[in-house]
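Computed from the coordinates by the stated procedures, all read-outs in this text should not be read as laboratory data. Please read these numbers as outputs of a predicted model, since none were measured by experiment. When we count neighbours, we look across all protein chains shown, and the Cβ atoms used for this are built from the backbone with ideal geometry, even at glycine.
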Amino acid sequence: MTSLFPALIGSPAERPALRFGERSLTYAELAAAAGALAGRIQGAGRVAVWATPTLETAVGVVAALLAGVPAVPLNPKSGDSELGHIVNDSAPALVLTAPGTQLPHALGDLGRLEIDVREAGREAGPESAQHSLTAITALTALTADSPALVVYTSGTTGPPKGAVIPRRAIAATLDALADAWQWTGDDVLVHALPLFHVHGLILGILGPLRRGGSVRHLGRFGTEGVTRELNAGATMLFGVPTMYHRLAEALPGDPALAKALGRARLLVSGSAALPVHDHERIAAATGRRVIERYGMTETLMLCSSRWTPPDPRPSVRADGEPRAGTVGVPLPGVELRLVEEDGSAITAYDGESVGEIQVRGPNLFTEYLNRPDATAAAFTGDGWFRTGDMAVRDADGYVRIVGRKATDLIKSGGYKIGAGEIENALLEHPAVREAAVTGEPDDDLGERVVAWIVPADPESPPGAGELADHVAGRLAPHKRPRVVHFLDALPRNDMGKIMKRALKHD
Ligand code: MCA
Ligand code: AMP
């Protein structure tokens, strides 16, 4: 397998690679730091990475990829139950952290290795680093199917599953996006996404590094950071719809933001549907159309609009140009079909025949770790992956996502959240007798998590804040219910199954 990051070897010494706040690394420094760390972890079965938005996370993941050791990014805000599950399931040999990181008890006696980015750089120096890198890359017997990352993703029920992402999927998806977006080493990406999911880590960090370009991470999302970086040479912005919603809200009172967004070559949104209203508000204020792309942890990227250089003739629409409400067309190498309930493929490109999106291609994961049952259920007999997303196709091939098969999956702030996982956590609270979780529309988050609770003692129900803290502490803060309703009983059918559709959202 050829290197995932050709630019690590032979780039000009001063070429910038990564910047997080005030701290940055050139390609030579990254090669030195990641090369040295790769040498130390080579042969480990799997490593966890404490995925704070820092240089260390990026160096840790690149090192693992160089060493051919699968990396498991961990959400540093995960609660005990979620962390315990992920660590038990993925059984890493150790966890890579930034120096001085306080780790929670849920990690048990898992050994840790601190990443000292500067020390590695000083020790090795660019030349010897390149030697050690070449040696490591040559020594490691990697194939395209070798696992690169294990990324945990929620399902409708039960704890999150670890999607095993092979090296070929990372290379295929990033190269397909490079084709669609004309993404090159001259691009400078700005983003503020978390680094324990595909969007922020694979697209946002590994993407620029594969192209030989650079990335500036804001640490946390804010309009000032976006304005500052786009004014200082950044060419692309990646975000979830909640971030674009916040930009759209800020634009009327912030001409500097409008100017900065107008300068960007590419504004890209993904992880959930970008509301047409926000798309249009941003286009009107900045002259830039947001490019929507669609993907999944298990499949990496599937569809996108294409970037085309601005055409001075306003009436000319280039093929694949971004269009509000669509996710564009399948990326190169991705086979995509729409399928009816009975399994037959929809052949119409009529903008109205709705089917489930099923996909094949080199961009797909290989399996859910330790879950052959779930892996088998995710594919059809002839090898198509069932996304669970419902869509139509327009006459020109543009895909419009119109919904999801499972109502028990909630997308909030771009995070996928399984209702069952939250219900289980709520049921562990002593003051909760019964619990049901649904999603409801939210202008900012897309959807918000709503809990329907039958208290153990109707005279003294638990506080909504207490339940939110309980879920945040066990699972993760983004999974906490934002709204809590108390009921005497949950609506159930004759079989005793909770009828979620009967739960009214006011
Ligand atoms: C509030 N907070 C709490 C509680 N209440 N913490 C613990 N317990 C509580 N009860 C804290 C939060 O931890 C957070 O702290 C702060 O209050 C505000 O949190 P919140 O309101 O939840 O969110 P936000 O900060 O406003 O976040 C919005 C966001 C975020 C920045 C858009 O949702 C986000 O980063 N989304 C990205 C999701 C993503 O990357 N998805 C990719 C997966 P503090 O401020 O200290 O943090 S999908 C994917 O990868 C596929 C492949 C794809 O297609 O992309
Ligand atoms: P995750 O499992 O967290 O990787 O989330 C993947 C899911 O996010 C997909 O199955 C879709 O439901 C949703 N998604 C991602 N990108 C988009 C998009 N551009 N438009 C609509 N939904 C999206």
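What ³J(HN,Hα) values, in whole Hz, does the Karplus curve 6.51 cos²θ - 1.76 cosθ + 1.60 give for the stretch 437-452 when θ = phi - 60°, with x put for Gly and Pro?
3J(HN,Hα) across the stretch 437-452, in whole Hz: 10, 10, x, 9, x, 9, 4, 8, 8, x, 9, 10, 7, 10, 10, 10.
Return the sequence-ordered ³J(HN,Hα) values of the stretch 8-25 in whole Hz as given by the Karplus equation 6.51 cos²θ - 1.76 cosθ + 1.60 applied to θ = phi - 60°, using x for Gly and Pro.
Rounded to whole hertz, the list is 5, 10, x, 6, x, 3, 8, 5, x, 10, 10, 9, 10, x, 7, 9, 8, 9.
Fully extended, how many nm does the chain gain between residue 428 and residue 395 (0.36 nm per residue separation, minus their Cα-Cα distance)?
Details: separation 33, 0.36 × 33 = 11.88 nm, distance 5.00 nm.
Computed gain between residue 428 and residue 395 is 6.9 nm.
Mind checking the dipole of the chain: about its Cα centre, +1 per Lys or Arg Cβ, -1 per Asp or Glu Cβ, Debye to the nearest 20? If you can, show how the numbers build up before the last one.
Values: 50 positive and 59 negative charges, 200 e Å.
So the magnitude is around 960 debye.
What's the local net charge at residue 408, with K and R +1, D and E -1, over the other residues with C-beta under 14 Å away? Show your work: numbers first, answer last.
Details: positive: 404, 405, 411, 416, 479, 497, 500, 501; negative: 421, 423, 440, 447.
Value of the local net charge: +4.
Output ³J(HN,Hα) for the stretch 159-172: one whole-Hz value per residue in order, computed from phi by the Karplus curve 6.51 cos²θ - 1.76 cosθ + 1.60 with θ = phi - 60°, and x for Gly and Pro.
Result, rounded to whole Hz: x, x, 10, x, 7, 8, 9, x, 4, 4, 5, 5, 4, 5.
Taking the beta-carbon count within 10 Å as an exposure proxy, list 277, 191 from fewest neighbours to most.
On the way: 277 12, 191 30.
Ranked by crowding around the Cβ, least crowded first: 277, 191.
Given the DSSP H assignment, sum -39500 (n - 2.57) over each helix run of at least 4 residues in the chain and divide by its residue total; what's the result at 222 nm in deg cm²/dmol, nearest 500?
Values: 13 runs with 148 residues, N = 506.
Calculated from helices alone, the mean residue ellipticity at 222 nm is -9000 deg cm²/dmol.
Would you be so kind as to identify which of 403, 420, 477 lies farthest towards the positive end of the dipole of the stretch 366-506, taking Lys and Arg as +1 and Asp and Glu as -1 on Cβ and the Cα centre as origin?
With unit charges placed on the Cβ atoms, the residue in question is 403.
May I ask for the distance between the Cα centers of the stretch 76-108 and the stretch 1-65, given as a whole number of Å?
Result: 21 Å between the Cα centres.
Can you tell me the relative contact order of the stretch 353-444? Whole percent, Cα pairs under 8 Å, sequence separation 6 or more.
On the way: 100 pairs, mean separation 19.2, N = 92.
21 percent.
Which one, 334, 503, 59, is farthest towards the positive end of the dipole of the chain when Lys and Arg carry +1 and Asp and Glu -1 on their Cβ?
59
Between the stretch 151-206 and the stretch 400-458, how many Å separate their Cα centres?
25 Å
Give the long-range amide H neighbours of residue 476: residues separated by 5 or more places, or on another chain, with amide H under 5 Å away, using H modelled in the peptide plane at 1.01 Å from N.
79
For residue 442, list long-range residues whose amide hydrogen, built 1.01 Å from N in the peptide plane, is under 5 Å from its own amide hydrogen.
Residues meeting the criterion, in which the H sits 1.01 Å from N, are 447, 448.
What's the exposure ranking of 236, 499, going from fewest to most Cβ atoms within 10 Å?
Result, fewest neighbours first: 499, 236.
So if I take the centroid of the Cα atoms in the stretch 323-377 and the same for the stretch 237-313, what is the distance between those two points in Å?
After rounding, the separation between the Cα centres reads 24 Å.
In debye, nearest 20, what is the charge dipole magnitude of the stretch 362-443 about its Cα centre with +1 on Lys and Arg Cβ and -1 on Asp and Glu Cβ, if you could check?
Working: 9 positive and 14 negative charges, 40 e Å.
Dipole of the stretch 362-443, to the nearest 20 debye: 200 debye.
Assign one of three labels to the stretch 1-96, namely rounded, prolate or oblate, based on the Cα gyration tensor with a ≥ b ≥ c the square roots of its eigenvalues; rounded applies when a/c is under 1.5, prolate when it is not and a/b is larger than b/c, and oblate otherwise.
On the way: a/c = 2.97, a/b = 1.57, b/c = 1.89.
Verdict is oblate for the stretch 1-96.
What relative contact order, as a whole-number percentage, does the stretch 10-67 give when Cα pairs under 8 Å and 6 or more residues apart are counted? All intermediate terms of the calculation are to be shown ahead of the outcome.
Values: 61 pairs, mean separation 19.3, N = 58.
Contact order relative to length: 33 percent.
Residue 284 versus residue 228, label points 7 Å from Cα toward the beta carbon: distance in nm?
3.1 nm
Which net charge results for the neighbourhood of residue 179, defined as the other residues with beta-carbon distances under 12 angstrom from its beta-carbon, given Lys and Arg at +1 and Asp and Glu at -1? Show your work: numbers first, answer last.
Working: positive: 211, 306; negative: 175.
Charge balance near residue 179 sits at +1.
Hey, what did the chain get for relative contact order, percent, Cα under 8 Å, at least 6 apart?
Values: 1120 pairs, mean separation 63.1, N = 506.
12 percent.
Please say if the stretch 415-506 is rounded, prolate or oblate, where rounded means a/c under 1.5 for a ≥ b ≥ c the square roots of the C-alpha gyration tensor eigenvalues, and otherwise the choice is prolate for a/b larger than b/c and oblate otherwise? Let's see the in-between values first.
Details: a/c = 1.58, a/b = 1.14, b/c = 1.39.
Oblate is the answer for the stretch 415-506, as a/c is 1.5 or above yet b/c matches or exceeds a/b.
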